[in-house]
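Take a look at the structure below.
The values are calculated or read from the model by the stated rules, or taken from the named source; none is laboratory data. Treat the numbers as computed from the prediction; the structure is a model and nothing was measured. Positions of Cβ are backbone-derived with ideal geometry, glycine not excepted, and every protein chain shown enters the neighbour counts. With ligands, DNA and RNA removed, areas are computed over all heavy atoms of the protein, side chains included. Shrake-Rupley method; radii C 1.70, N 1.55, O 1.52, S 1.80 Å.
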Amino acid sequence: ANDARLPSKTDSSTLEEYQANLHAIISLLRNPDSEYYSPKTRILIITPPPIGELMIQSYTPTFAADPFVFNNRTRLFAEMAKQVAREAGVPSIDLYSEIENRVREEQATGTWSSTYDGYDNYLVDGVHLNNKGNMLLFNLIITTFQAVWPEMLPKTLPS
């Protein structure tokens with residue numbers, strides 16, 4: 001999520017820089033000429049989660065960005081992460097869409113009671129995952145491992 005911060009922040013990246021950085025990290029592990037070459041390392045790209053703008057505004061009163069622009073910018077970075085995964089032939093987890101879809105469903109069905117549009121069900125401060133968000137991510141990782149690397153599941157590893 002830091003990469004997706006608005007461009008005026010020093011720790012932000014452009015979408016193009018983010019794309020190049022993800023490819024560079026993958027290349028460090030895959031390129032036999034790299035000192036970090038690790039042909040057995042499994043690579044899994046996880047998108048950033050959505051941003052709970054009302055929570056950020058509550059926790060950071062100086063937050064002055066248009067909240068829709070901020071979350072839309074994060075969505076673009078999530079889309080780019082998925083694109084890089086496709087280009088590199090590695091699996092990905094779309095955490096952004098998983099949380100967005102759950103929040104929208106809870107809003108539509110009225111099954112949420114929240115001051116922060118439902119994002120506080122998954123985020124502790126509008127950016128970082130809370131217990132429920134971490135459990136969701138854990139389950140998504142296990143599901144991905146079951147589909148892509150079943151030999152890496154805990155029950156299959158030597159004890």
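Some values worked out for this structure:
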quantity	calculated
Residues satisfying the stated conditions in region 132-159, i.e. without any contact (Cβ under 8 Å) to a residue 12 or more places away in the chain and closer than 24 Å to PHE70 by Cβ	LYS132, ASN134
Candidate set from region 123-149 (those that are of a type in the set (S, T, N, Q) and over 15 Å from the mean Cα position of the chain (by Cα)); member that is farthest from ARG75 (Cα to Cα)	GLN146
Sole exception among (1) over 21 Å from GLN57 (Cβ atoms); (2) at pLDDT 95 or above for ILE99, by number	(1)
Residue that is nearest to ILE142 (Cα to Cα), among those in region 86-122 that are aliphatic (A, V, I, L, M) and under 12 Å from the mean Cα position of the chain (by Cα)	ILE93
Given (1) open to solvent by less than 60 Å² (accessible area, probe 1.4 Å); (2) assigned to a helix (DSSP H, G or I), index of the condition THR143 fails	(1)
Any hit, region 149-156, residues being of a type in the set (D, E, K, R) and within 21 Å of ASP94 (Cβ to Cβ)	no
Residues that are closer than 20 Å to ILE45 by Cα and assigned to a helix (DSSP H, G or I), drawn from region 94-107	LEU95, TYR96, SER97, GLU98, ILE99, GLU100, ASN101
Qualifying position, being modelled with pLDDT under 95 and either closer than 23 Å to LEU44 by Cβ or open to solvent by less than 50 Å² (accessible area, probe 1.4 Å) (or both), among GLY110, GLY118, GLY133, GLY89	GLY118
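Residue-wise test of (1) assigned to a loop (DSSP other than H, G, I, E, B); (2) over 16 Å from ASP125 (Cα atoms); (3) more than 13 Å from the chain's Cα centre (by Cα); (4) at pLDDT below 85.
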| residue | (1), (2), (3), (4) |
| --- | --- |
| LEU6 | yes, yes, yes, yes |
| ASN21 | no, yes, yes, no |
| SER27 | no, yes, yes, no |
| ILE43 | yes, yes, yes, no |
| PHE70 | no, no, yes, yes |
| THR74 | no, no, no, no |
| LYS82 | no, yes, no, no |
